[in-house]
Amino acid sequence: MAERVVVTGIGIISALGTGMQAHINALRNKQSGVKPISLLKTRYANDFVLGEIRMTSDELSAYAGLPTGD
C-alpha cells in the first residue's frame, strides 16, 4: 500500500540562512554555508569547517513555533 505525503509549506533552517527566500538567495549568489567553527568552544576550531546554524536554541524554537527554554 502506497502512503501519501502532503507538503503544506517550506521552512528551511540551514547554514545558508533561515527561511526559503534567504536559502534561495544564497544559492543563487553561489554562497557557501561552510565556514570555520565559531559557536562551538573547542581548541580544534581552526582544524575543521562545517555548516553551522548560527541561531541559539531559543531562536530556533521561536522560528519553529515551539516553546523556548524560558
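Read the figures in this text as sums done on the coordinates, not as results from a lab. Since this is a predicted model, take the numbers as computed values, not measurements. Positions of Cβ are backbone-derived with ideal geometry, glycine not excepted, and every protein chain shown enters the neighbour counts.
Computed over the chain, relative contact order equals 22 percent, with contacts defined as Cα pairs under 8 Å that lie 6+ residues apart.
Which of the peptides 14-24, 47-57 is most tightly packed, and how do the rest follow, judged by the mean count of other Cβ atoms within 10 Å per residue?
Details: 14-24: 15.4, 47-57: 12.2.
Put in order of decreasing packing, that is 14-24, 47-57.
For the pair residue 30 and residue 57, label points projected 7 Å from Cα toward Cβ lie 3.9 nm apart. Scanning residues 5 or more positions from residue 19 or on other chains, those with amide H under 5 Å from its amide H are 12, 13, 14, with H placed 1.01 Å from N in the peptide plane.
Using alpha carbon coordinates only, what is the Rg to Rh ratio of the chain, with Rh defined as the Kirkwood radius?
We get a ratio of 1.09 for the chain.
Backbone phi angles across region 44-54, fed through the Karplus curve with coefficients 6.51, -1.76 and 1.60 (θ = phi - 60°), yield HN-Hα couplings of 9, 4, 7, 9, 9, 10, 7, x, 7, 8, 8 Hz in residue order; Gly and Pro are listed as x.
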